[in-house]
1. Scan region 539-574 residue by residue and report those that are of a type outside the set (Val, Ile, Thr), farther than 18 Å from Ala155 by Cβ and not in a helix (DSSP H, G or I).
2. Identify, by number, the condition in (1) touching a helix residue (DSSP H, G or I) at 6+ places or on another chain (Cβ under 7 Å); (2) within 25 Å of Val333 (Cα to Cα); (3) modelled with pLDDT of 95 or more that Arg400 doesn't meet.
3. Can you find a residue that is modelled with pLDDT under 95, outside any helix (DSSP H, G or I) and farther than 30 Å from Gln228 by Cβ anywhere in region 420-442?
4. Considering region 653-666 alone, what residues qualify as being within 28 Å of the chain's Cα centre (by Cα) and either hydroxyl-bearing (Ser, Thr, Tyr) or over 12 Å from Ile636 (Cα atoms) (or both)?
5. When only residues in region 1-42 that are at pLDDT 90 or above and in contact with an Asp or Glu (Cβ under 6 Å, 6 or more places away or on another chain) count, which is farthest from His313 (Cα to Cα)?
6. Of the conditions (1) at pLDDT 75 or above; (2) assigned to a loop (DSSP other than H, G, I, E, B); (3) crowded, with 17+ Cβ neighbours inside 10 Å, Ile612 clears all except one; give me its number.
7. Do any residues in region 387-412 that are under 20 Å from Gln360 (Cα atoms) have Cβ atoms under 9 Å from those of residues that are part of a helix (DSSP H, G or I) and among the basic types (Lys, Arg), where the two are at least six apart or on different chains, and which pairs are they?
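The values are calculated or read from the model by the stated rules, or taken from the named source; none is laboratory data. Source: prediction; values computed, not measured. Glycine also receives a Cβ, built like all others from the backbone with ideal geometry; neighbour counts cover every protein chain displayed.
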Amino acid sequence: MLIITEKPSVGRDIAQAINSHPVSHDGYLTAGNSIVTWGFGHLVTLADPDAYQDAWRKWSLAQLPMLPDTFKLVPIKKTLSQFKTVSRLMEAADVIICATDADREGELIFRYIYQMVHVNKPVKRLWLSENTPQAILAGLNALKPLSAYDALAAAAQARAQADWVVGLNATRVFTLKHGQRGQGALSVGRVQTPTLRIIADRDQEIASFVPVPYWQLEVWFETPQQQQYTGYWFVEEGREIRDRFLDRAEADKIASMVPPNTPGLITLIETKRVNIHPPLLFSLNDLQKEGNRRFGLTAQQVLDTAQTLYEKHLISYPRTEARHVTKEIASTVEQRLAGLQRETAYRLPIEQVSRPLSLQRLINDHAVSKAGHFAIIPTGQLPKNVTDREVKIFDLVARRFIAALLPKGVDERTTLITEAGGHRFRTRGTAVVVLGWRQTMHMLPEPKDTENTDDSETNAKIPAGLKPELPVAVVKNSILSKETKAPARFTDASILAIMEKHGLGTPATRARILEVLLLREYVERVKKTLVSTEKGRSLLSVVPGDLQNPELTGGWEARLENIAAGTDSADRFLADIRTYTQNLVAVAKQQSRTSVASDDLGPCPICNTGRIIAGKKGWGCNRWRDGCNFTIWREIAGKRLTETQLKALLAGKTTPVLKGFKSKNGKSFSARLRWNRDTSKVEFIFPSPTATTSATRPVRKSSRRSP
């Protein structure tokens with residue numbers, strides 16, 4: 001029996017579950033009568049265009065669109081040796097077990113290898129959501145024929161072929177029409193381009209936003225018992241409530257009607273009890289959002305960390321969109337809790353979990369079946385020899401798991417109305433009555449949301465014992481000057497929520513899409529936010545609107561899900577993709593040539609005649625061949641600069657403190673950067689020990705070459 005896994009680590013887990021002392025060979029393990037081998041992710045991929053026609057080797061508008069009748073597969077060169085090992089083992093095997101990751105991409109990895117090797121052997125599917133020895137042995141006893149996953153394989157291959165057709169044709173046609181020499185290809189894709197559009201639209205909203213000033217009237221009241229509270233002016237206008245003034249004069253007029261010592265009367269106290277139900281379990285998207293909000297981790301960092309925790313048998317398979325578990329997994333919850341209870345931090349909240357367990361709200365076999373995997377939950381094993389980041393993500397998963405099992409929380413939300421000077425003032429406050437499941441979350445950092453919120457009016461402190469008809473008096477009043485705020489820039493957490501809403505990508509691919517946009521420099525990180533660059537916005541100016549439309553791409557992803565469910569045809573989907581691509585190329589060919597993202601960042605500060613342009617490794621003057629040596633490298637001491645940071649340097653400004661530099665001995669350090677016009681060099685600025693002055697040091701020199 002030959003077992004093929006996606007990664008060596010999973011191969012070792014399976015081999016050790018079969019036999020505690022497997023024998024290691026070059027590219028595989030033997031465990032009793034079984035052989036376990038692996039890929040390194042993909043070993044086989046779709047062939048490049050030049051494998052179909054020599055004419056497609058050259059980038060030419062005349063050769064577009066490229067639409068293969070059938071798609072060819074080729075081994076990936078850097079893993080060719082392992083592919084040969086897997087091929088030899090497959091040819092010699094009597095039965096093959098597909099044990100690649102149990103998702104759409106994992107299915108594609110195995111099917112490509114199987115098609116490339118051209119063997120005709122019985123194949124069964126091992127579908128794992130956990131890599132513990134118990135789960136592996138249970139899975140080996142519940143193998144299914146590979147044909148049970150043919151619909152999933154069809155969706156996987158349709159996705160890959162659609163990306164090839166749309167991506168390669170769009171990239172070539174827009175690069176040929178709008179690219180510049182030395183700039184490289186303009187990367188266009190069916191998911192990354194709509195995602196870029198969403199980010200760019202938000203940036204445009206912010207850039208065009210004009211704040212509108214408004215005022216609120218805050219009044220302090222005191223009871224006969226000398227208890228004080230605040231109220232905010234409001235008026236009912238039909239079905240709407242207005243609680244702000246757009247005219248300062250109106251605010252001043254009403255404030256003059258409630259000077260200190262003005263008598264008032266409490267006319268209404270309304271208290272409602274609100275149940276705060278426990279959250280469901282983590283999907284990958286939810287875990288990535290929470291990791292970003294609480295710890296500032298990127299989506300890719302959370303995914304990579306969760307994958308490592310999975311491979312260390314600490315959590316279940318992370319690439320899932322399910323927030324529920326199956327009845328079968330629900331039967332293991334008590335065992336998992338017992339494992340977590342060995343950790344002191346989890347002991348007290350676990351003791352508050354009601355027995356017998358009430359799990360009905362967490363069980364949804366249909367949702368899990370549709371997602372392919374149940375929600376991310378701990379296996380019950382506790383971390384050992386893990387990194388700080390792994391501890392953080394494991395703790396999130398463990399606490400969410402416990403929280404989902406705890407009783408609901410209960411809050412009291414009180415609204416108090418006070419009348420004074422012929423006007424009404426509202427006070428709203430919330431008090432926690434029952435902490436419930438929230439007790440598991442108090443050890444976590446507060447979410448670092450970037451949304452602009454003002455909860456001063458909705459979270460006031462209301463003294464105990466207040467009743468209707470209680471007389472009060474005005475202590476003082478204050479007019480609060482405020483203004484409307486622009487929408488917040490996207491963070492990883494907020495863009496993931498939008499991508500999920502529009503069906504852009506899958507839980508397994510969304511993080512990678514963001515990293516591609518960053519790598520291509522269509523988007524940059526500014527602190528913890530994602531901001532479109534001039535290059536990205538310029539690209540959008542030439543790409544047709546439908547390819548930027550999230551609804552179109554979301555519709556494609558929905559069709560892929562339907563193909564996996566057996567309710568749509570891969571052939572029909574790909575026929576539609578081919579037609580779409582033909583139309584896209586035709587439109588692009590008719591466009592007038594426009595240079596995308598010249599990256600002209602202004603005049604050169606050294607020669608004053610050249611322009612600052614972007615190169616592959618840095619920014620320099622376009623007159624460098626004439627002797628102008630202005631250069632700022634993209635990467636300084638191991639940290640990659642953003643376009644925003646560069647612009648600050650060119651403007652003669654000092655950057656904020658930047659983290660993530662690496663010294664020669666590999667130690668991390670933080671510093672500000674400044675471009676010294678006298679020396680034409682970028683300098684580090686370090687706070688001095690006295691914190692009253694700064695020490696400067698020039699950045700290490702690089703050999704002069706074109707940036």
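1. Result: Ser541, Pro544, Asn549.
2. Failed condition: (1).
3. yes
4. Those that are within 28 Å of the chain's Cα centre (by Cα) and either hydroxyl-bearing (Ser, Thr, Tyr) or over 12 Å from Ile636 (Cα atoms) (or both): Thr655, Pro656, Val657.
5. Filtering first and then ranking leaves Gly39.
6. (2)
7. Sorted first by the residue in region 387-412, then by its partner, the pairs are Phe401/Arg336; Ala403/Arg438; Ala404/Arg361; Leu406/Arg438; Gly409/Arg438.
Here's the yes/no breakdown for (1) among the small types (Gly, Ala, Ser); (2) free of Cβ contacts under 8 Å to residues at least 60 places away in the same chain; (3) in a strand (DSSP E or B); (4) on the phi > 0 side of the Ramachandran plot:
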{"position": "Glu469", "(1), (2), (3), (4)": "no, no, no, yes"}
{"position": "Val475", "(1), (2), (3), (4)": "no, no, yes, no"}
{"position": "Ser478", "(1), (2), (3), (4)": "yes, no, yes, no"}
{"position": "Ala488", "(1), (2), (3), (4)": "yes, yes, no, no"}
{"position": "Lys501", "(1), (2), (3), (4)": "no, yes, no, no"}
{"position": "Leu504", "(1), (2), (3), (4)": "no, no, no, no"}
{"position": "Ile513", "(1), (2), (3), (4)": "no, no, no, no"}
{"position": "Arg525", "(1), (2), (3), (4)": "no, no, yes, no"}
{"position": "Arg537", "(1), (2), (3), (4)": "no, no, no, no"}
